[in-house]
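To start, the structure itself, in structure tokens.
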Amino acid sequence: MTHPIEGPDETPDVATEPDADEIRHALKQAGCGPPPPPPRVKTGHKVVLGIYFLVLVVLGAVYYALRLHVLSLPSRTEALVMRLDRGVMWIVLLIAAAKLVDVFLIARVDDAGSQYNLRRLKRLVVVVGIASIVVSLIFRNWYAALVSLGLISAILAFALQTPISSFIGWMYILVKAPYRVGDRIQIGGATGDVIAIGYLDTTLWEFGGPYLSTDHPSGRLIKFPNVNVLSTAVYNYSWPLFPYIWNEVDVQIAYGSDLQYVATTMRGVVEAEMGEKMVQRIQRFRGLLDQTPVDQIEVQEHPVVLFRVSTNTWVEAVVRYLVDPKKAGAVKSRLTRKVIEALNREPERVMFPRGDNR
């Protein structure tokens, strides 16, 4: 991504430091970090689960009383009550199982957004399960009901291939978390900040785009089906363990320039702009990255200056540094201005190419 000179922006390059929950979540994604603490069941949850258990006991007692003909009811009425009782038992059992999943599994998820999405998935499963139980109560012949549901499901699956695939993609996003709401990502030709993850699609607030040459928000929304995450590479710029990207400022200078002076000046300007806090944070992230397969040799806390020979008549001096991806454009604009001003102070040592070929 390129970041031409923008207007003045003195916003400091301070990336939002991830909190402990985000770091634990990122370490878990990398297959590292300490195991999560055992879940604590609140008293209210215990009471609710106890009520479900008592209801199941009562319904089971009624069912077996009817089956043993303890209650004198007409045969047709007895059969109907037994079917209803059995259906209600299954519904209560399904709701109780969903409550157990919520207490012992979903509650252990660190990220609040993931918890919300998992609870939405849980509710969907419960609704589908209850609907299936109701259908089985309406149709006395279970085999006929299953065949009917199977045929309908096959027809719907054929007609709704893309939505079903997108729903599977949504479940993949929940489990593997390639991105979350608030992350800055690139997927295919779309770049933007994630503002919503639905059952079928994801919505981005676009930055850059065909009408801008910088990373400024374009004002457009991008929607893409969730199935894309199953077949397209996702570039996430917001991983909590390392919320930075490498960026560069390049300047064209003449062959006769003092390259050592240029390198020292450019490095000094960038270090003064980034500050010692950036170095301290990168050192801290290095300690965290030691727990992952990432090669820490590539994680450098100081700016690096490189030189490249241009195909025309000059040398490119490039300074590489770390920056918050959401501030990359403004920081590059500010650094470019300050680097050029610093180099122009020594015209004897820093010569710029002249002429139409530049």
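Does residue 114 meet the test of being at pLDDT 75 or above, under 37 Å from the mean Cα position of the chain (by Cα) and not aliphatic (A, V, I, L, M)?
On the way: at pLDDT 75 or above: no; under 37 Å from the mean Cα position of the chain (by Cα): yes; not aliphatic (A, V, I, L, M): yes.
Spelling it out, it is not the case that residue 114 is at pLDDT 75 or above, under 37 Å from the mean Cα position of the chain (by Cα) and not aliphatic (A, V, I, L, M).
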Next item on the list: Could you tell me whether segment 243-259 includes any residue that is crowded, with 17+ Cβ neighbours inside 10 Å, assigned to a helix (DSSP H, G or I) and modelled with pLDDT of 70 or more?
Entry: no
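Answer yes or no as to whether residue 212 is within 19 Å of residue 326 (Cβ to Cβ), among the aliphatic types (A, V, I, L, M), without any contact (Cβ under 8 Å) to a residue 24 or more places away in the chain and open to solvent by 50 Å² or more (accessible area, probe 1.4 Å).
yes
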Note to self: Here is a check on your reading of the model: is residue 41 surrounded by 12 or more Cβ atoms within 10 Å (Cβ to Cβ), more than 25 Å from the chain's Cα centre (by Cα) and modelled with pLDDT under 80?
What the structure shows: yes
Notebook entry, point to check: Do you know which residues across segment 175-184 are hydrophobic (A, V, I, L, M, F, W, C) and either at positive phi or buried (at least 19 other Cβ atoms within 10 Å of the Cβ) (or both)?
Noted result: 177
Margin query: I'm trying to understand the selection: among the residues of segment 299-347, which are in contact with a Lys or Arg (Cβ under 6 Å, 6 or more places away or on another chain), in a strand (DSSP E or B) and either among the acidic types (Asp, Glu) or farther than 14 Å from residue 250 by Cβ (or both)?
Written below: 316
Next item on the list: Looking at (1) modelled with pLDDT under 85; (2) open to solvent by less than 40 Å² (accessible area, probe 1.4 Å); (3) more than 13 Å from the chain's Cα centre (by Cα); (4) of a type outside the set (Ser, Thr, Tyr), find the lone condition where residue 219 falls short.
Entry: (2)
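The values are calculated or read from the model by the stated rules, or taken from the named source; none is laboratory data. Predicted model only: the values in this text are computed from it and were never measured. Cβ: placed from backbone, ideal geometry, glycine included. Neighbour counts: every protein chain shown. Heads up: the accessible areas ignore ligands, DNA and RNA and are worked out on the full protein's heavy atoms, side chains in. Shrake-Rupley method; radii C 1.70, N 1.55, O 1.52, S 1.80 Å.
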